[in-house]
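This report refers to the structure that appears directly beneath it.
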Amino acid sequence: MSVEEIFQSIVHFRRGEIAALVQAEIDARTDASVILEQGLIAAMGAVGGEFSAGRLFVPEMLRAAETMKIGLEVLRPLLVEADITPRGTVVVGTVKGDLHDIGKNLVAMMLEGAGFAVVDLGVDVDPKAFVDAAAESQAQLVAMSALLTTTMPVMAECIGRFKDAGSRARIIVGGAPVNQDYAIKISADGYSSDAPGAVELAKRLVRAPGREAAAS
Amino acid sequence: MRVHCQILSEDERQKIHAESIKILEQIGVKFLSQRALEIMHDNGAKIDRDKRIAKIPAELVEQALKTAPKSFVLGARDRARDVALPRSDSGYVLDLGGVFTRDFRSGERRYATLQDNDDAMRIFDEMAFGSVVWPHSIAEGETPHSDAIRLILSTFQHSSLHVQDEFSEPREVPYVIEAMAAILGSEDAVRERKLYSVAYCTLAPLVHEGGMCDAYLDLIEFEAPILIFPMPCTGATGPCSLFSNIAMGNAEALSSLVLFQMARPGTPLIFGDASGSTDFASGGFLEGSPEMVLMTAARGEMARFYGLPNTQAGCLTDAQEPGAQAVMEKLLTTLPLVLGGVDLVQGPGALQTSGMLCLEQIVVDDEIAGLCKRVRDGIDLSDAKNLFDDIAEVGPGGHFLMQDSTLAACRSDEFFVPKLSNRNTFERWSDLGRPDLYSNARRRVEEILAAPQRNPLPDDVVGKLDEIARRADDELK
């Protein structure tokens, strides 16, 4: 047994074996942070690289993320004990009036795979619910999507609510009719045309303090 | 005989139908509209009110199939462009569902405007195979709450073809009815002529939206036809086999058929499909793929299995720009549908997975339609085409260029004459400036837009439409 095997079980998305592998490492008194960093997070980093290069497909990447999550659940009590926290918290949802959520789901799953805690509000989310959830979960980031031209303006409304509430959460947007110009226009902090881009954006924005324009 | 392409055997159509019924009876369909849920309940579906799911028995499907009209006419402002369904040849639906336009001058992608919509309508009006138009989606109009109404009214003004669109809420319905009454002279004529139909996309997997559903339950009182248009994406919003994705899309379509027939028996329905496949590298929806056209062609066969008119998504591409990939994918996703005999192919005009209008692509797609029709028409082996006597007259070693039959046939439908493709010698082609498909198409676009609009509406009707639009601006805020 080794951390390398944990890494390999994620990279090859063998979800049936990961729990036992992580437990064995815990029993062997390997440091929880080593299992987390060198096993789980390093593996998802490798998976993300393969995915971004187009060599790994979405269903494979999602299964790898699911495998990682199973391992993380086994490890979680030790992480809590050692006060090791997620990379950040992200609130996700489709805006009021929009029920199209396949892209949003993909982003949520990939964010989890990248080590974020995700609060998924689902579809047809009221602007107030976004603001409340971000406050309650102390999220650093909010990711909202719209597929319809009729629901795009709701994203601007949501951003207005966050400003009114004095929230420091940063907001990223996406969806087929949205583009970078629109994101700038509505004062979003970022835009991505796909899920891997959204994860990169999330990593960048959560790392960097303060608000910045979508163009940066 | 005409060339025919068949995707499913009779047994396979039965098998897909049986699977669809199994999905409807055992899994059921979710209705977000309370009105729709009550209609399903009142007609004998098993309802789970908490989950809003209706399990639909086979008998309800059978009953709905009995009352759904097997033929009807999609009226056009120009009666000569009426579309009688079913058709012997495939017609085409201009696909302006996306929010972007490729700017004709700069070639850059930008958000679409009302002017882009109107230009596209005028171009499609001149196309030989144009049958039905979808208005453009406008993301950022000046009057966001009434943009949908303004678009429909402007489309009526700039197109003489049948208009198909969608409503997102019931309060939009009266303005469009009033506009059609202004064009046709009375509300009775609105019912009779059917200038307007709507597309109804179920939300895969197995969900019916609320607002759109309610709007359509209002609209069917005016006998407007509904295009049922499921879009399950195999591997993402649909199961990851073509077989089950077709069965599930068919189940969504049958559940829509049941709803609208129970709500108003005799409602004219077009049994369509716009399935996609998944780009597994990104998770994106693909519609220029061979799998897409296999599914929509199969669903076209299911429509005929039920005896219903149909529109199938085709003539589509995932290419970002006009060019070789666009032409290749559009031809691939048109030919099987035309050879399968679908009534209407929905897709021309768009690039980027139906996300971006390209004016010159409308003209290129009409050329593709012409090519496909020629293949579909096949080889005429009638006595009139048996030229044995000519062969005898010319004899070994002669030529046929001077025969009467050659003169008569050279401009007939037997020989396709391209409008855009290059057939010149190298020298002639060089002298012409080495034109390609798209440069020829661009010239045609310029010609059409420089000429007066074909079949304009009378000034007083345009004035009435303007007044309705202004009222919608005020009232829909």
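With contacts taken as Cα pairs under 8 Å and at least 6 residues apart, the range B:27-179 reaches a relative contact order of 19 percent.
The three principal axes of the Cα atoms in the range B:138-262 give end-to-end lengths of 49, 35, 26 Å, sorted in falling order.
Shape analysis of the range B:186-226 based on the Cα gyration tensor places the equivalent ellipsoid semi-axes at 25, 10, 5 Å, largest first.
For the range A:1-102, the Kirkwood radius over C-alpha pairs fed into Stokes-Einstein at 4 °C and 1.567 mPa s yields D = 89 µm² per second. Where only DSSP H runs of four or more residues are counted, chain B gives -13500 deg cm²/dmol as its mean residue ellipticity at 222 nm, each run worth -39500 (n - 2.57). Scoring B:447-457, B:304-314, B:44-54, B:324-334 by mean Cβ neighbours within 10 Å over their residues and listing the highest first yields B:304-314, B:324-334, B:44-54, B:447-457. Note on the range B:13-109: Cα-Cα pairs beyond 17 Å make up 70% of the total pair count. Convex hull of alpha carbon positions in the range B:200-296: directionally averaged projected area 6.0 nm².
The Cβ shell under 15 Å around B:F426 holds other residues with a net charge of 0, Lys and Arg each +1, Asp and Glu each -1. For the range B:43-172, the average shadow cast by the Cα convex hull is 11.9 nm², which is a quarter of the hull's surface.
If you take the Cα centroid of the range B:129-177 and the Cα centroid of the range B:437-477, the two points sit 12 Å apart.
The Cα-based radius of gyration and maximum Cα-Cα distance (Dmax) for the range A:10-64 are 12.3, 37 Å. Of B:L24, B:L184, B:L335, the sequence from fewest to most neighbouring Cβ atoms within 10 angstrom is B:L184, B:L335, B:L24. Rounded to the nearest 20, the Cβ-based charge dipole of chain B about its Cα centre (Lys and Arg +1, Asp and Glu -1) stands at 560 debye.
Ellipsoid semi-axes for the range A:82-151, based on the Cα gyration tensor and the rule √(5λ), read 23, 14, 7 Å when sorted largest first. Annotation for the range B:399-432 versus the range B:318-344: alpha-carbon center distance of 25 Å. For the range A:1-156, relative contact order (Cα pairs under 8 Å, six or more residues apart, normalised by length) works out to 22 percent.
Under a 5 Å amide H cut-off, with hydrogens placed 1.01 Å from N, A:V142 pairs with A:V91, A:R170, A:I171, A:I172 among residues at least 5 apart or on other chains. Scaling the Cα radius of gyration of the range B:161-214 by the globular reference 2.2 N^0.38 Å produces a ratio of 1.30. Restricting the calculation to Cα atoms, every distinct pair contributes to the Kirkwood radius of the protein assembly as shown, found to be 27.5 Å.
With a/c under 1.5 counting as rounded, go ahead and sort the range B:321-405 into rounded, prolate or oblate using the C-alpha gyration tensor (a ≥ b ≥ c being the square roots of the eigenvalues; past the cut-off, prolate if a/b is larger than b/c, else oblate). Here the range B:321-405 falls in the prolate category. Per the Kirkwood formula applied to alpha carbons, the range A:130-211 shows a radius of gyration over Rh ratio, Rg over Rh, of 0.93. What number do you get for the range B:310-369 when its Cα radius of gyration is normalised by 2.2 N^0.38 Å, N = residues? Rg over 2.2 N^0.38 Å, computed on Cα atoms: 1.00. Two numbers describe the Cα atoms of the range B:58-110: Rg and Dmax, which are 18.8, 57 Å. Calculated from the alpha-carbon coordinates, the range A:110-168 shows an Rg and a Dmax of 11.9, 33 Å respectively. Calculated mean residue ellipticity, 222 nm, chain A: -16500 deg cm²/dmol, from DSSP H runs (n ≥ 4) at -39500 (n - 2.57) each, averaged per residue and rounded to 500.
Residue-normalised convex hull volume from the C-alpha trace of the range B:261-300: 90 Å³ per residue. Look at the alpha carbon pairs under 8 Å that are at least 6 residues apart: their mean separation over the length of chain B gives a relative contact order of 19 percent. Between rounded, prolate and oblate, where does chain A land on the alpha carbon gyration tensor, with a ≥ b ≥ c its root eigenvalues, rounded for a/c under 1.5, else prolate if a/b exceeds b/c? Taking the square roots of the gyration eigenvalues as a ≥ b ≥ c, chain A is prolate.
On the principal axes of its alpha-carbon atoms, the range B:241-351 has extents of 46, 26, 20 Å, going from largest to smallest. Peptide B:277-289 has a mean of 5 when you count, residue by residue, the C-beta atoms of other protein chains within 10 Å of its C-beta. For chain B, the spread of Cα coordinates along the three principal axes comes to 82, 55, 48 Å, biggest extent given first.
Each semi-axis of the equivalent ellipsoid for the range B:110-180 is √(5λ) with λ an eigenvalue of the Cα gyration tensor; in descending order they amount to 20, 15, 9 Å.
Report, in cubic angstrom per residue, the convex hull volume of the C-alpha atoms of the range B:349-477.
Cα convex hull per residue, to the nearest whole number: 243 Å³.
With loop membership from DSSP and a limit of 15 other Cβ atoms within 10 Å, the longest segment of chain A without trypsin sites (Lys or Arg not before Pro) is A:56-167. Exposure proxy shown here: for B:E321, A:E112, the number of other Cβ atoms within 10 Å sets the order, fewest to most, as B:E321, A:E112.
No value in this document is a laboratory result; all are computed from the given coordinates. Being a predicted model, the structure only gives us computed values, none of them experimental. Glycine also receives a Cβ, built like all others from the backbone with ideal geometry; neighbour counts cover every protein chain displayed.
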